[in-house]
């Protein structure tokens, strides 16, 4: 392509420059993704095989709640709980019904948070994974209720909880009821904790707002995926308040580690081994 | 009054703030400062005072009066230190068996670089979890603006009361209008749809009591004082386990109307 662009056409009769090149192997668009961090073109299959982590720069792609469960739970051990709980428009908020309908039509379907029991490296536990694609992973009453029920069940069955958070915060279409889910889930975490049981949270990109300010930050051990955005206020809100650009890497998982708010950065490829080790350390506590 | 008018009333200049209520309701109020970790957040007032003859721990988010004080109080937007300072006093209250009374009036927890660096989310989360298990009676009163997580961090109580013209919301109506409709001018609509008024929240079961304001500040305070004494005397008789369990159930039932599965 580059060759010939500086050549002036001599006259009209010369015509277009013809290149006798066969076109390179073309790749259908849907088989490829571009890494948002290093801009490398990646094959979807290869990426999926690599736990959706960019093989070049280590960028952790956002993944669905179902995929999360598949990556973490021992094969065939996951049993879902409270699958029927779904958001409703409790306040009659205009446009919310339509938004819910649209969100349910996407790839991840009607999942808002997937809850259940499973084994990780042989250790039994309760597991929840929030769905980042469903209305930006926001927490409404359905999410609050499912997480609360999971902690209550874990307390009754004396099981540890492993939770993957991904959320833009409380869902504003559910108004104050969404805010109250922060207190409700915190209460359930508290009771589970008072029973002497372990709760490990893995904060994934992004974990912000009401979820950060409740059950994400209440775990006994807090892990975070590399590069994940974690904070209370979103970066745009802070920039608007402060009227200045935020420093590079502000509110990243590494930043929180440095400030002492997460225990470890957990690479997705070694995550399962790390979680099963942590569960094993606490295995004696469930009796 | 429309929801938007109530919002404006809640934010009005000259509206009584936490220090006004504290001054009127408690004798010998003694302010105690600092979170013992980082600093003293002036957006939050904490201390001990007498309610009638009963010593109580008092926590209030203070917006301040006049430009100078408002700046010093950061317009009632607390940093993590403020929430940790409140928690420290609440833990002391638990140790000495004192009830806790919180006055909430904030447009929200502060969003800034320092606040994030020192764990705003973690500070709020810790308050929610700790207040849920506090073994002494807690009453929270929303006296003006109840802005999202920053207000909730002091509102995990046995009973939550609201002044007639106070508002309590998951997001500011301005924020909601600009995010959802990209039009900050539709704030009135957002205020209506978000259900932020005391009357709305009472019917949603989020607050136990709406305190009338129509008769003026002193009458409101007199009414508040009687109700506080009654409520605390009733709740002090409950065994701590019962108190904590009732507090959990109070929040547990909000937005729990789903079919039971499994």
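A few remarks follow.
- Scanning region B:133-146 for residues that are crowded, with 24+ Cβ neighbours inside 10 Å and at the interface with another protein chain (Cβ under 10 Å from one of its Cβ atoms) returns a single hit, B:146.
- For the residues A:149, A:158, the requirement of being touching a residue at least 12 places away in the same chain (Cβ under 8 Å), under 30 Å from residue B:142 (Cα atoms) and surrounded by fewer than 23 Cβ atoms within 10 Å (Cβ to Cβ) singles out A:149.
- If the condition is being more than 7 Å from every other protein chain (Cβ to nearest Cβ) and surrounded by fewer than 24 Cβ atoms within 10 Å (Cβ to Cβ), then region B:108-122 contributes B:108, B:114, B:118.
- Just one residue in the set B:156, B:170 is buried (at least 24 other Cβ atoms within 10 Å of the Cβ), at the interface with another protein chain (Cβ under 7 Å from one of its Cβ atoms) and within 11 Å of the chain's Cα centre (by Cα); that residue is B:156.
- The one condition in (1) outside any strand (DSSP E or B); (2) surrounded by fewer than 24 Cβ atoms within 10 Å (Cβ to Cβ); (3) more than 8 Å from chain B (Cβ to nearest Cβ) that residue A:191 fails to fulfil: (3)
- Residue within region A:79-91 that is within 19 Å of residue A:271 (Cα to Cα) and modelled with pLDDT of 95 or more present: no
- Test: residue in region A:174-184 that is more than 7 Å from chain B (Cβ to nearest Cβ) and either surrounded by fewer than 24 Cβ atoms within 10 Å (Cβ to Cβ) or assigned to a loop (DSSP other than H, G, I, E, B) (or both): no
- Summed over region A:226-250, the residues that are buried (at least 23 other Cβ atoms within 10 Å of the Cβ) and in contact with a strand residue (DSSP E or B) (Cβ under 6 Å, 6 or more places away or on another chain) give a count of 2.
- Answer residue from region B:30-45, given it is crowded, with 16+ Cβ neighbours inside 10 Å and over 16 Å from residue B:143 (Cβ atoms) and is farthest from the chain's Cα centre (by Cα) among those: B:39
- Residue that is surrounded by fewer than 20 Cβ atoms within 10 Å (Cβ to Cβ), more than 19 Å from the chain's Cα centre (by Cα) and away from chain B (no Cβ under 12 Å), where the choices are A:102, A:88: A:102
- The numbered conditions (1) surrounded by fewer than 24 Cβ atoms within 10 Å (Cβ to Cβ); (2) in contact with a helix residue (DSSP H, G or I) (Cβ under 7 Å, 6 or more places away or on another chain); (3) at pLDDT 95 or above are all true for residue A:264 except (2).
- Residue list for region A:213-229, filter: at the interface with chain B (Cβ under 8 Å from one of its Cβ atoms) and outside any helix (DSSP H, G or I): A:213, A:214
- When region B:173-186 is filtered for residues that are buried (at least 19 other Cβ atoms within 10 Å of the Cβ) and in contact (Cβ under 8 Å) with a residue 12 or more places away in the chain, the ones remaining, listed by number, are B:173, B:176, B:177.
- Conditions (1) surrounded by fewer than 16 Cβ atoms within 10 Å (Cβ to Cβ); (2) more than 17 Å from residue B:158 (Cα to Cα): number failed by residue B:97: (2)
- Considering region B:1-80, the qualifying strands (runs of 3 or more DSSP E), each wholly inside and each with 3 or more residues that are touching a helix residue (DSSP H, G or I) at 6+ places or on another chain (Cβ under 8 Å), run over B:44-51, B:54-61.
- Which numbered condition residue A:238 fails, given (1) modelled with pLDDT under 95; (2) within 17 Å of residue B:117 (Cα to Cα); (3) part of a loop (DSSP other than H, G, I, E, B): (3)
- Here A:169, A:163 are screened, and the one residue that is modelled with pLDDT under 95 and within 21 Å of residue A:133 (Cα to Cα) is A:169.
Matching residues to (1) in contact with a strand residue (DSSP E or B) (Cβ under 8 Å, 6 or more places away or on another chain); (2) crowded, with 19+ Cβ neighbours inside 10 Å:
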| site | (1), (2) |
| --- | --- |
| B:54 | no, no |
| B:60 | yes, yes |
| B:71 | no, no |
| B:76 | yes, yes |
| B:103 | yes, yes |
| B:126 | no, yes |
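- So residue B:194, is it more than 17 Å from residue A:169 (Cβ to Cβ) and either away from every other protein chain (no Cβ under 13 Å) or touching a strand residue (DSSP E or B) at 6+ places or on another chain (Cβ under 7 Å) (or both): no
- Remark: residue B:244 falls outside the filter, which requires a residue to be surrounded by 20 or more Cβ atoms within 10 Å (Cβ to Cβ), closer than 18 Å to residue B:101 by Cβ, within 17 Å of the chain's Cα centre (by Cα) and within 14 Å of chain A (Cβ to nearest Cβ).
- Test: residue B:114 is part of a helix (DSSP H, G or I), under 11 Å from the mean Cα position of the chain (by Cα), at pLDDT 90 or above and under 19 Å from residue B:73 (Cβ atoms): no
- Within region B:223-252, tally of residues that are part of a loop (DSSP other than H, G, I, E, B) and in contact with a helix residue (DSSP H, G or I) (Cβ under 9 Å, 6 or more places away or on another chain): 1
- Scanning region B:208-215 turns up one or more residues that are closer than 23 Å to residue B:103 by Cβ, more than 14 Å from every other protein chain (Cβ to nearest Cβ) and more than 18 Å from the chain's Cα centre (by Cα).
The values are calculated or read from the model by the stated rules, or taken from the named source; none is laboratory data. Note that the structure is a prediction, hence the values are computed from the model and not measured. We place every Cβ from the backbone using ideal geometry, glycine too, and count neighbours over all the protein chains shown.
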